[in-house]
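I have placed the structure first, in the form of structure tokens, so that the comments after it can refer back to it.
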Amino acid sequence: MKKILTIAGSDCSGGAGIQADIKTITMHKMYAMSAITALTAQNTTGVRGIHNVPADFLKLQLDMIFTDIRPDAVKIGMVSEVEIIKAIAEKLREYKAENIVVDPVMVATSGSKLISDDAINTLKTELFPIADIITPNLAEAEVITGLEIKTKDDMIKSAIIMADMFKGAVVVKGGHLDDTADDLLYSDSKAIWIKGDRIDNPNTHGTGCTFSSAIACNLALTCNKETALINAKNYLSGAIKAGLDLGKGSGPLMHNYEIVK
């Protein structure tokens with residue numbers, strides 16, 4: 001059985017973060033492990049509080065995981081402080097972790113900010129260089145590159161800039177474009193478009209977490225990034241299309257749609 005580690009924040013409402021990651025990994029028939037970076041008080045309407053885990057305790061979590069059950073892939077989600085980011089980078093380098101997917105979580109679906117300004121630069125200098133894939137949405141890609149992104153051409157321009165920052169592949173998620181839901185995979189100086197249907201469902205809480213975890217699962221199975229991305233996008237689309245409707249805001253996905261009759 002493949003083992004997948006998620007390093008991310010906890011979502012007490014279950015739609016995003018660690019909870020979404022574990023559901024996604026389990027639905028891929030893999031073994032889920034977690035190192036928690038922060039506790040959040042949130043629901044479908046927004047984030048009310050963030051309590052970060054001390055960096056030394058996060059290191060201890062990672063030590064306990066890697067010295068016992070070594071993961072086949074690692075997904076990194078919410079990392080809101082500089083010291084937390086440095087701790088993750090230090091330990092992943094120490095243990096020579098493989099198949100690292102970084103979801104540069106900056107703003108929740110509800111609009112709540114999830115990362116400090118100084119941590120953004122640390123994210124780019126510490127985590128991006130050790131990642132195999134990063135998965136920014138359009139807003140995150142704008143913050144990272146300083147570009148305004150409105151079109152597919154803009155997505156390619158931003159991907160080229162980000163590709164210069166590190167050795168891995170860039171996935172720019174196009175879900176917020178007006179006329180398409182296609183994602184861009186930029187790898188080895190090649191732009192590959194992954195087609196996606198625009199789904200009429202306002203409940204998208206945790207889509208980024210779910211997508212990046214699904215990519216990590218598929219990377220553990222294949223070294224082909226395009227195949228991993230296509231499979232992950234198909235899983236995400238199914239979870240959105242299932243039409244789960246919970247909460248008073250942007251509700252969660254149905255991660256277990258394949259087993260719910």
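Checking Ala242 against (1) crowded, with 16+ Cβ neighbours inside 10 Å; (2) modelled with pLDDT of 95 or more, which single condition isn't satisfied?
Tallying (1) crowded, with 16+ Cβ neighbours inside 10 Å; (2) modelled with pLDDT of 95 or more, Ala242 fails exactly one: (2).
If I ask for residues that are outside any helix (DSSP H, G or I) and not aliphatic (A, V, I, L, M), which ones from the stretch 83-110 would you list? Don't jump to the end; show me each part of the working.
First, the residues of the stretch 83-110 that are outside any helix (DSSP H, G or I): 95-110.
Passing the criteria: Tyr95, Lys96, Glu98, Asn99, Asp103, Pro104, Thr109, Ser110.
Within the stretch 111-134, restricting attention to residues that are acidic (Asp, Glu) and part of a helix (DSSP H, G or I), which residue is nearest to the chain's Cα centre (by Cα)? Explain how you work it out, then say what you get.
Looking only at the stretch 111-134, we keep the residues that are acidic (Asp, Glu), and these are 117-118, 126, 132.
The next check asks that each one be part of a helix (DSSP H, G or I); those that pass are 117-118, 126.
Numbers: Asp117: 19, Asp118: 20, Glu126: 16 Å.
Residue satisfying both the conditions and the ranking: Glu126.
Restricting to the stretch 88-122, and then to whatever is polar (S, T, N, Q) and closer than 25 Å to Cys217 by Cα, can you tell me which residue is modelled with the highest pLDDT? It would help to see each step written out before you state the result.
Going through the stretch 88-122, the residues polar (S, T, N, Q) turn out to be 99, 109-110, 112, 116, 121-122.
Then drop every residue that is not closer than 25 Å to Cys217 by Cα, which leaves 99, 109.
Working: Asn99: 97, Thr109: 60.
Out of the qualifying residues, it is Asn99.
When you scan the stretch 192-204, do you find a residue that is surrounded by 16 or more Cβ atoms within 10 Å (Cβ to Cβ), out of contact with any Ser or Thr (no Cβ under 6 Å at 6 or more places or on another chain) and closer than 21 Å to Ala73 by Cα, even just one?
no
Restricting attention to the stretch 33-70, which residues are among the aliphatic types (A, V, I, L, M) and under 18 Å from Val105 (Cβ atoms)? Give the derivation first.
We begin by selecting, within the stretch 33-70, every residue among the aliphatic types (A, V, I, L, M); these are 33, 35-36, 38-39, 41, 47, 50, 53, 55, 58, 60, 62, 64-65, 69.
Across the stretch 33-70, the qualifying residues are Ala35, Ile36, Ala38, Leu39, Ala41, Val47, Ile50, Val53, Ala55, Leu58.
The values are calculated or read from the model by the stated rules, or taken from the named source; none is laboratory data. Just so you know, these numbers come straight off a predicted model, no measurement behind them. Here Cβ is always computed from backbone atoms with ideal geometry, including for glycine, and neighbour counts include all displayed protein chains.
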